[in-house]
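Take a look at the structure set out below.
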Amino acid sequence: MPADIAHLLLADMLGAFVAMYPGISLELDLSARRVDLLGEGFDLALRIGSLPDDGLLAARRLNGMTSGVYASPQYLAEHGTPLVPQDLLNHQTVRLIGGNGEPVPWRLVGQAQEWVGLPPGRFAANAPDLLLRMVIAGAGLGAIPDLFTPADVRRHALVRVLPEWGVPAVPVSAVFPGRKLMPPKTRVFIEMLQAALGEPGA
């Protein structure tokens with residue numbers, strides 16, 4: 001399970017699960033590595049993005065995780081607000097590092113158009129929760145998962161910019177061994193994950 005999702009979205013759900021099911025032990029691996037469910041004896045993995053075909057595994061789509069462009073009020077007061085995606089090239093951003101070790105280009109879709117670019121930035125990391133904290137601190141604009149932002153938007157620590165543009169939804173799925181009969185403990189855990197993360201995206 002990705003650590004940022006566990007920390008920012010699922011802490012309450014995980015606490016409730018432990019309280020509701022005292023007969024089930026819960027052990028989480030929050031490392032970034034891709035675990036071998038069958039070889040390592042895992043009951044479930046939470047995976048982001050498209051899934052490869054694997055006849056030994058099954059999956060349930062939990063949500064589609066969209067992202068938007070966010071900034072702190074402090075940053076916008078000092079540097080102005082981008083009005084179109086091309087304006088991002090004149091701003092500092094915090095950038096996500098991909099699996100190849102390089103910053104991930106931004107792909108924004110809106111107004112029946114698509115914009116792809118890599119805005120400048122002096123900070124990059126492979127942890128979306130850290131990028132969120134850096135945006136709040138005024139380090140630059142960031143493409144942040146929308147599920148992570150509501151509390152900070154409500155307390156006016158974050159502002160959504162380019163609101164008609166966003167990063168297309170990335171699937172969030174629960175992956176488990178493709179047995180005919182799912183163990184009851186796995187079923188109830190997936191049901192609570194579904195409730196915590198929302199209904200599947202389109």
| For the range 44-72, what are the residues that are of a type in the set (S, T, N, Q) and open to solvent by 30 Å² or more (accessible area, probe 1.4 Å)? | Ser50, Thr66
| Restricting attention to the range 34-49, does a residue exist that is at pLDDT 90 or above and farther than 24 Å from Pro171 by Cβ? | no
| task | Within the range 9-24, count every residue that is part of a loop (DSSP other than H, G, I, E, B) and at pLDDT 90 or above. | result | 4
| field | The listed residue being in a loop (DSSP other than H, G, I, E, B), farther than 19 Å from Gly68 by Cβ and among the aliphatic types (A, V, I, L, M), out of Met182, Met192 | value | Met182
| message | Given (1) modelled with pLDDT of 90 or more; (2) under 20 Å from Leu130 (Cβ atoms); (3) not in a strand (DSSP E or B), identify the lone condition not met by Leu30. | response | (1)
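The values are calculated or read from the model by the stated rules, or taken from the named source; none is laboratory data. Just so we're clear, the structure is a prediction, and the values are computed from it rather than from any experiment. Methodologically, a virtual Cβ is constructed for each residue, glycine included, from the backbone with ideal geometry; neighbour enumeration extends over all protein chains shown. Just so you know, the surface numbers come from the protein's heavy atoms only, side chains and all, with ligands and any DNA or RNA stripped out. Shrake-Rupley method; radii C 1.70, N 1.55, O 1.52, S 1.80 Å.
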